[in-house]
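Since every read-out is calculated from the coordinates, none of them should be taken as a lab result. Since the structure is predicted, the reported quantities are computational estimates derived from the model, not experimental observations. Every residue, glycine among them, receives a Cβ derived from its backbone with ideal geometry; neighbour counts consider all protein chains shown.
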């Protein structure tokens, strides 16, 4: 991890009020320093106020802003934490006024970057009074570097730009990201108009994704003449909105970001890498000048906490941040229904078969197939019933509760259902397995579990051969990730709807479907304890770990490429011991470390199983698909993780 803390400052400035604007600026900057912000970003023209219009033609209006900047820089010398601040102002270079941003830290002005794109349309008249910055420009203003600059710090490389620079794909962000900037700080004074907020969000997300950067956007608040500024700000990392600062008020807002995530995306995104190589190969391509900011904070301060989702689920978006729960789950359902184009386009099947256990995974698969059938047959119940064939194949270990749920769910949906015990076949196959063993060897408890799963799979395949059926595979992504699935058993099937759905999302999807589509048995289904029911008293989370912890390990290790030590640090800040005890009654302090170690070990050993799973609907950026997503060697050693695994014990 490379955690930094970002501060966004929103100030209600008055044009020309240098003294009071700067006093407020110092007060808000001190708040950021006290909060141990790594960087603090303020708005465009925060010292002189915006829009100043023709006032910038008065020399004293410009020189007074430099004096105010020096006052601000001197004030930062006494701050307790070396936050790097970026503030907007007007400067004169080579006799011309520039709309610019100054970088200040610990009493020193490190550099000044001019705005390149000057809007002269609508309510903007900047081309009338300002001179635009240019690619490759380098000079000095009062002994301070001025021009097309990058800033190198102990926490990473960042670039600065002003408002309109971000509103075009051909802005300075492109060349500066290619030159190494991971963090882009945009100082804005964007007036409010109906619909602009969503436009800003979409535009910033596009720039962050196109340039593979983390963008911090700080906007002005308050009224000046007829213009109203709504303030607020955003932190967007490589296209994902992490933070939406409050609008319509003055103040500061903070957000912790892991810059290693941006670095990881750059390694993974081959299109960006090739664009960067092509750009750098051009002889005429201008390169920004690097300024080293010596006095700044290092990453991973002890007070910084990894930005854990409010839901504590790393696969769910923040529904309070503008994302719709309805849209998120609705899109997942639509994607899985669309995935069953596999059925129609292969022209190889006549029906769909489901081994319905009464558990959550098979229930979700059935419900999605049912949605598909309702559309395919335009609600014709008779055709739906004959199209979807469900089979319950219990042994002595299956509870009456789950058998009843399976039967009643099929009845509620109006699909075909048949229960055929495999107990006799299970006993017979255990004896056959024992007959093959050498003297002194016994059929293990795990083998007995797997025998049941394989008998069920064999029967589903035999049915499929005879009925022309597509067998849906039932293992969710969490189970596949750690190999908690049987090769030739529940890992087997013709296609999977949930193979790329984590267990915690399976649960949330069922909850949503129960509410939205009024499936009566959903509440009872959700109340059951997850169990493969392959042994007496078996519970999946006892065999593994609580699914929220497992899914978090999966997201952080496979998705964020974190080390085991980093994963433990994040999980430790996510849940208290009391919360973990509610998830697992057997939990004791120290067990979280063992869960992290267990996940990493199981994950590394399970890769050979992914190769044998059927195709699954592609639903997210993190899929267990060696052809399209995680291309990890099946045969590899975990020695490269051993040091980090050992370091967990020292925490």
Work out, step by step, the length gained on full extension between residue 615 and residue 462: first 0.36 nm times the residue separation, then minus their alpha carbon distance; give nm to one decimal. 53.1 nm
For the chain, averaging the sequence separation of alpha carbon pairs under 8 Å that lie six or more residues apart and dividing by its residue count, the contact order in percent is 11 percent
Using only Cα atoms and rounding to the nearest 10 degrees, what angle (0 to 90) does helix 400-413 make with the longest principal axis of the chain? 70 degrees
Expressed in angstrom and rounded, the centroid-to-centroid distance over alpha carbons for segment 285-315 and segment 123-180 is 20 Å
What helix-only [θ] at 222 nm does the chain give? Using -39500 (n - 2.57) per DSSP H run of at least 4, over all residues, to the nearest 500, the answer is -12000 deg cm²/dmol
Write down the percent of antiparallel bridges among all DSSP beta bridges whose residues are both part of the chain, to the nearest 5. 55 percent
Between segment 482-529 and segment 417-464, the Cα center-to-center distance that results, in Å: 24 Å
Neighbouring Cβ atoms within 10 Å as the yardstick, rank 77, 66 fewest first. 77, 66
Using a basic spin-label model with each label point 7 Å from the Cα along Cα→Cβ, how many nm lie between residue 54 and residue 240? 5.1 nm
Relative to the present Cα-Cα distance, how much length would full extension add between residue 67 and residue 428 at 0.36 nm per residue of separation? 120.9 nm
Residue 292-residue 582 pseudo-label distance in nm [points 7 Å out on the Cα-to-Cβ vector]: 5.0 nm
Just the projected area, averaged over all directions, of the convex hull on the alpha carbon atoms of segment 293-388: how many nm²? 11.8 nm²
Cα centroid distance between segment 41-108 and segment 572-651, in Å? 49 Å
Need one number: % antiparallel among DSSP beta bridges in segment 167-240, to the nearest 5. 65 percent
Which order results if 391, 608, 349, 599 are arranged by neighbouring Cβ count within 10 Å, fewest first? 608, 349, 391, 599
Does segment 3-292 come out rounded, prolate or oblate, given a ≥ b ≥ c as the square roots of the eigenvalues of its C-alpha gyration tensor, rounded meaning a/c under 1.5 and, failing that, prolate meaning a/b above b/c? rounded
Roughly what angle does helix 325-339 make with the longest principal axis of the chain, taking Cα atoms, 0 to 90 degrees, to the nearest 10? 50 degrees
Quote to one decimal, in nm, the extra length available between residue 517 and residue 305 on full extension: 0.36 nm per residue of separation minus the C-alpha distance between them. 72.5 nm
Fewest first, what order do 275, 148, 411, 577 take by the number of other Cβ atoms within 10 Å? 411, 577, 275, 148
Cut-off 20 Å, label 7 Å out along Cα→Cβ of residue 396, residues of segment 454-489 by amide N: 454-456
Using only Cα atoms and rounding to the nearest 10 degrees, what angle (0 to 90) does helix 196-211 make with the longest principal axis of the chain? 80 degrees
